[in-house]
Amino acid sequence: MAFATINGFDLYYEIHGRGDPVILLHHGFGCTRIWEDIFPALIENGYQIVLYDRKGYGRSQREDDFIENFYISDGFRSGAVDDLAALAQLLGLTSFHLIGQCEGGVVAVDYAAAHPGKVKSIVMSSTQCYSHKPMIEVNRRVFPEGFHMLEPEWQEKLKDWHGAGYTEAFYNQFIRFGGEYGTGVFDLRSVLPSVTCPFLILYPDRSSIFNVEQGVMFYRHLSAGELSVLPDCGHNTYEYVPEEYTRQVINFYQRHGF
């Protein structure tokens, strides 16, 4: 467990195990903690795991105006790619695998498109491929309209991850706009053809946020894509089926000789 100064801010990160490096990218509500049931099995199978909290999440530093300004800025999405590149360089990682959950999958795709020679493979779960409507409308439809309306379990979990004094304002901003999915119509389809590394799409069939056709659309736009639909599984696949999640990741790596 450590902090690294990345592009002027302190990012929290962890490194576990030895072997081929795998960087795990959390979702838009999350932090390194979401991977607690996933990474131990990867370590046992001979992979080195790198976890980090993106800027503004978890234990990483955030600007005073992170919520009001940076989170909704045009630089938020590209900034996540720049931070990942800087962290990889600091850690001496010249090539690695990426695993991304929901918005973390957007970071993985954007990074692979910008740095094609450095990504050995991508595993992505529950990420949106495109939207028909502006994300402001999508978020309004799928999320409770205020932090106080979340289930108590999720309120406590988010407070534990991000800090009680920050979480409510962050959630209320998230459900309106911002983050990797932005404010307008979101669409990764034009980016995907430039991502040529082996790419496993794990998609739940019962996500409360995105339907399974999103996973199919990823598959249709990737030259080296593989699609696995997880049955009777909700959006946070790492919580619903952690053993199946890690089994599929390890089998994917082994099929490709990693």
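Yes/no matrix, rows are residues, columns are (1) farther than 23 Å from Ser78 by Cβ; (2) aromatic (Phe, Trp, Tyr); (3) open to solvent by 10 Å² or more (accessible area, probe 1.4 Å):
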| residue | (1), (2), (3) |
| --- | --- |
| Met124 | no, no, no |
| Glu153 | yes, no, yes |
| Glu168 | yes, no, yes |
| Gly215 | yes, no, no |
| task | Mind listing whichever residues of segment 229-251 are under 23 Å from Val142 (Cβ atoms) and either touching a strand residue (DSSP E or B) at 6+ places or on another chain (Cβ under 7 Å) or not in a loop (DSSP other than H, G, I, E, B) (or both)? | result | Val229, Leu230, Cys233, Gly234, His235, Thr237, Tyr238, Glu239, Tyr240, Val241, Tyr245
| request: Output yes when any residue across segment 202-213 is without any contact (Cβ under 8 Å) to a residue 60 or more places away in the chain, open to solvent by less than 20 Å² (accessible area, probe 1.4 Å) and under 23 Å from Val142 (Cβ atoms), and no when none is. | output: no
| remark: From the option list Phe66, Phe96, single residue qualifying as touching a residue at least 12 places away in the same chain (Cβ under 8 Å) and either open to solvent by 60 Å² or more (accessible area, probe 1.4 Å) or not aliphatic (A, V, I, L, M) (or both) is Phe96
| message | Under 8 Å between Cβ atoms, which residue pairs at least 6 apart in sequence (or on different chains) link something in segment 38-52 that is under 18 Å from Tyr245 (Cβ atoms) and open to solvent by 10 Å² or more (accessible area, probe 1.4 Å) with a partner that is of a type in the set (A, V, I, L, M) and not in a strand (DSSP E or B)? | response | Ala41/Ile250; Asn45/Ile250
| Filter result for the condition that a residue is at pLDDT below 95, under 16 Å from the mean Cα position of the chain (by Cα) and not in a helix (DSSP H, G or I), over Ile209, Ile201 | Ile209
| remark: Residue count, segment 126-149, condition open to solvent by less than 30 Å² (accessible area, probe 1.4 Å), over 30 Å from Arg247 (Cβ atoms) and in contact with a helix residue (DSSP H, G or I) (Cβ under 9 Å, 6 or more places away or on another chain), comes to 4
| remark: Contact list, first residue from segment 137-152 and under 14 Å from Phe29 (Cα atoms), second anywhere and among the acidic types (Asp, Glu) and open to solvent by less than 90 Å² (accessible area, probe 1.4 Å), beta-carbon distance below 7 Å, six or more apart or interchain, is none
| request: Determine if segment 22-34 includes at least one residue that is crowded, with 17+ Cβ neighbours inside 10 Å, among the aliphatic types (A, V, I, L, M) and part of a helix (DSSP H, G or I). | output: yes
| What are the residues in segment 1-18 that are open to solvent by 60 Å² or more (accessible area, probe 1.4 Å), of a type in the set (A, V, I, L, M) and modelled with pLDDT under 95, if any? | Met1
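The values are calculated or read from the model by the stated rules, or taken from the named source; none is laboratory data. Because the structure is a prediction, the values reported are computed rather than measured. Cβ sites come from the backbone with ideal geometry, for glycine too, and all protein chains shown count toward neighbours. Protein only, heavy atoms only, side chains kept; ligands, DNA and RNA dropped before computing areas. Shrake-Rupley method; radii C 1.70, N 1.55, O 1.52, S 1.80 Å.
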